[in-house]
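Notes follow once the structure below has been shown.
The values are calculated or read from the model by the stated rules, or taken from the named source; none is laboratory data. As the structure is a computational prediction, the values presented were derived from the model and not from experiment. In this analysis, Cβ positions are derived from the backbone assuming ideal geometry, glycine residues included, and neighbour counts consider all displayed protein chains. Side chains are part of the model used for accessible areas, which takes the heavy atoms of the whole protein and leaves out ligands, DNA and RNA. Shrake-Rupley method; radii C 1.70, N 1.55, O 1.52, S 1.80 Å.
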Amino acid sequence: MRKVQDLLNPFYQDEFIEAGCDEAGRGCYAGPVFAAAVILPKSFFHPVLNDSKQLTEKERNELRPIIEQEAIAYAVASVDNIEIDNINILRASFKAMHLAIAQLKQKPKLLLIDGNRFIKYKRIPHYCIIKGDGIYSSIAAASVLAKTYRDDYMQQLHQEFPYYAWKTNKGYGTIEHRRAIEKFGLCKYHRKTWRLCSEQPQLFETC
């Protein structure tokens, strides 16, 4: 059980409807970047909710249906590796957030963004909050949804290219993943503009 002083803040302000936004997969070698936007009722509380990186996979998977059921509105969106290569990962992360915000059934009047930068979405004011997923409930909830949706997607891609071990590493640059790249080369889901190993391999023939 978390200490009282470590519990998340339920909201940034209590005048306007606010949505928390976060992304997952920004630092990966392969796959899309996912983002989520979540509007929680001000009464929402769950003792386990936290930055998704601080939770176990089991905790994240248990929280996801609770967030989806109790949220006033939520949405998840992604930008694939091809577009990441075209516009860069930072812009792709912002675009994924924009796409998620656009899908919300209830429109927020304020956005809480995890991190220190953001491209303004329409005329909705926003606050960038460093490590906000460990401070505000709505951002933490968004981090859980983005992470679990992306993990599920990478497990699907694992079925197509099992030798990269995406089932376990989710596209991050683990030793196992790097060694697979050196042996098999890159596939169609890798981010080609990234230098993924000391000597960039050619595309794998079947990709």
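Of all residues in the range 158-176, those that are assigned to a loop (DSSP other than H, G, I, E, B) have Cβ atoms under 6 Å from Cβ atoms of residues that are open to solvent by 70 Å² or more (accessible area, probe 1.4 Å), 6 or more apart or on another chain, in A165/E176.
Could we say that N50 is at positive phi, open to solvent by 20 Å² or more (accessible area, probe 1.4 Å) and modelled with pLDDT of 95 or more here? Reasoning before the result, please.
Details: at positive phi: no; open to solvent by 20 Å² or more (accessible area, probe 1.4 Å): yes; modelled with pLDDT of 95 or more: yes.
No; evaluated as a whole, the condition is false for this residue.
The numbered conditions (1) open to solvent by 10 Å² or more (accessible area, probe 1.4 Å); (2) of a type outside the set (K, R); (3) under 15 Å from E23 (Cβ atoms); (4) more than 13 Å from the chain's Cα centre (by Cα) are all true for I89 except (4).
Restricting to the range 135-162, name every residue that is within 26 Å of I181 (Cβ to Cβ) and in contact with a Leu (Cβ under 9 Å, 6 or more places away or on another chain).
Initial filter on the range 135-162 (within 26 Å of I181 (Cβ to Cβ)): 146-162.
Matches in the range 135-162: K147, T148.
A quick yes/no check of all residues on (1) within 18 Å of G171 (Cβ to Cβ); (2) buried (at least 23 other Cβ atoms within 10 Å of the Cβ); (3) among the β-branched types (V, I, T); (4) at pLDDT below 95:
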site: S93; (1), (2), (3), (4): yes, yes, no, no
site: H98; (1), (2), (3), (4): no, no, no, no
site: I129; (1), (2), (3), (4): no, no, yes, no
site: I135; (1), (2), (3), (4): no, no, yes, no
site: L145; (1), (2), (3), (4): yes, yes, no, no
site: R150; (1), (2), (3), (4): yes, yes, no, no
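In the list K109, K105, K122, which residue meets the criterion of being among the basic types (K, R) and on the phi > 0 side of the Ramachandran plot? K122 is the lone residue from the list that is among the basic types (K, R) and on the phi > 0 side of the Ramachandran plot. Looking at R191 and the list (1) open to solvent by less than 10 Å² (accessible area, probe 1.4 Å); (2) farther than 12 Å from G31 by Cα; (3) modelled with pLDDT of 95 or more, which single condition is not satisfied? All conditions pass for R191, except number (2). Of the residues making up the range 63-86, those that are of a type in the set (A, V, I, L, M), free of Cβ contacts under 8 Å to residues at least 40 places away in the same chain and open to solvent by less than 70 Å² (accessible area, probe 1.4 Å) are I66, A75.
The set of residues in the range 19-47 that are over 15 Å from the mean Cα position of the chain (by Cα), buried (at least 24 other Cβ atoms within 10 Å of the Cβ) and either charged (D, E, K, R) or closer than 18 Å to H177 by Cβ (or both) is empty.
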